[in-house]
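J.: So that we are looking at the same thing, I have put the structure below in structure tokens.
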Amino acid sequence: MPESATLGPIYRSRVLQRYFPSSDMELFDEDEEEKRCGVFDCLLGCWDAITNALLDLLAAVFVFNAMQSAHTLLALLVSAGSITFYHLYDGGRMSVRLDWQFVSFAVIFPLTYFIGEGYKRRDFALQQLANIKSLSIWIYLAHRDWDVAKGKSKDHKSKVLKRLQFMIADMAAYFAIPRVYTRNYFYGGWRGKRTALWIETSRLRLTARITNSLKMLSTYCEDLKVAGLPTNEAARLNQYNMLISSAFFKMINVKNYRTPQGIRSFARFYVIIMPVFYGPYFSWVSQETGSFAFALCLGLMGTLTLVGLLNVAINMEDPLESAGVDSVRVVSELEGLQKLLLDDRNFEDELDAAMIAEEVPLQ
């Protein structure tokens, strides 16, 4: 079929209904749709826009609630206690208007840096995950389709596919291992240290298995060279093996090494302790406005904002942890890659057969 040929509307409709069998999906002509568009359709579009905005807001509320942690409760209790103490102590004589420049330096800067670095690491992990998926497919296709002079062994393709499946499963298991917290090393007691030991042992075992799979893929490439694979194609296949190993070990670095511990510790400490020293400011707000409830709500809102940023940063610490709101769903992505490798169906043959059976003309 020439490249300039296009599928007719009837055939496009049948193809879409075949692979996307939705009862409410219709193919329509844009020009005809514009002619039918009237005032009612415009109002309906406005209603849909307002509904979508409200649903987005509701979803944001649910995500906001999901981002809260024990840090939120602790910070709010400290803030409420501090504001109440300075308001009641000695008739509020310690009330004073304070400057917030120290907060921007000691809290806001570490948190914004913290979050920015977390999202950079997430984007980097996504790039390496895409490399792993692409290279896995091309390694399999090279072993399956590239011709050799003496012919491949009958089980060559199945051995390569099996080894790739094992390697991808081990990668998914590695990235599913929980992260090691600082408390596991220093203040976790025997239980925390045992958890840290189990994590390190699991990492070493899975890394050894993945490395062994990479070695086997290199061996399969040598088998093709013996069977007559040209040297330039063998070098390209070995380069695929090198690139997929590089992408995996880069993702390991993202998994195991995170943002500087000192900045994280400063951010956590100041978010919790800062309300103790800024209680006099909100006591002053209470005297100026004549409403202690307003001053208390204002102080709690400020604390909630800071601790919310802290929770966002903490959740981005391990971008490969699937439980996070913004985390990379690496396990499901790799499971999908396994299914793609196992699926050897020829969709072009299916489309041609459907076209012949339906006798749909081409335009």
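The values are calculated or read from the model by the stated rules, or taken from the named source; none is laboratory data. As the structure is a prediction and not an experimental result, all values here were calculated from the model. Cβ coordinates were reconstructed from backbone atoms using ideal geometry, including for glycine residues, and neighbour counts include every protein chain displayed. Remember, those area values only see protein heavy atoms, side chains included, never the ligands or the DNA or RNA. Shrake-Rupley method; radii C 1.70, N 1.55, O 1.52, S 1.80 Å.
J.: What helices (runs of 4 or more DSSP H), lying completely within the stretch 271-355, carry at least 3 residues that are modelled with pLDDT of 85 or more, of a type in the set (Ser, Thr, Tyr) and over 33 Å from the mean Cα position of the chain (by Cα)?
T.: It comes to 279-289.
J.: Does the stretch 124-142 include one or more residues that are modelled with pLDDT of 90 or more, within 24 Å of the chain's Cα centre (by Cα), surrounded by 15 or more Cβ atoms within 10 Å (Cβ to Cβ) and under 30 Å from residue 270 (Cβ atoms)?
T.: Yes; the residues of the stretch 124-142 include at least one that is modelled with pLDDT of 90 or more, within 24 Å of the chain's Cα centre (by Cα), surrounded by 15 or more Cβ atoms within 10 Å (Cβ to Cβ) and under 30 Å from residue 270 (Cβ atoms).
J.: (1) under 23 Å from the mean Cα position of the chain (by Cα); (2) more than 21 Å from residue 274 (Cβ to Cβ); (3) surrounded by 10 or more Cβ atoms within 10 Å (Cβ to Cβ); (4) of a type outside the set (A, V, I, L, M, F, W, C): which one isn't true of residue 93, the others all being true?
T.: Failing condition for residue 93: (1).
J.: Can you find a residue in the stretch 47-64 that is open to solvent by 50 Å² or more (accessible area, probe 1.4 Å), modelled with pLDDT under 85, part of a helix (DSSP H, G or I) and within 26 Å of residue 278 (Cβ to Cβ)?
T.: Looking through the stretch 47-64, at least one residue is open to solvent by 50 Å² or more (accessible area, probe 1.4 Å), modelled with pLDDT under 85, part of a helix (DSSP H, G or I) and within 26 Å of residue 278 (Cβ to Cβ).
J.: So is residue 258 assigned to a loop (DSSP other than H, G, I, E, B) and either in contact with a strand residue (DSSP E or B) (Cβ under 6 Å, 6 or more places away or on another chain) or open to solvent by 10 Å² or more (accessible area, probe 1.4 Å) (or both) or not?
T.: yes
J.: Related question: Which numbered condition in (1) at positive phi; (2) under 31 Å from the mean Cα position of the chain (by Cα) is the only one that residue 253 fails?
T.: (1)
J.: I would also like to ask the following. Looking at the structure I just gave you, is residue 70 open to solvent by less than 90 Å² (accessible area, probe 1.4 Å) and at pLDDT 75 or above?
T.: Answer is yes for this residue.
J.: Follow-up question, since we're still on this one. Within the stretch 90-140, work out how many residues are of a type in the set (Gly, Ala, Ser) and outside any helix (DSSP H, G or I).
T.: Number satisfying all stated conditions: 1.
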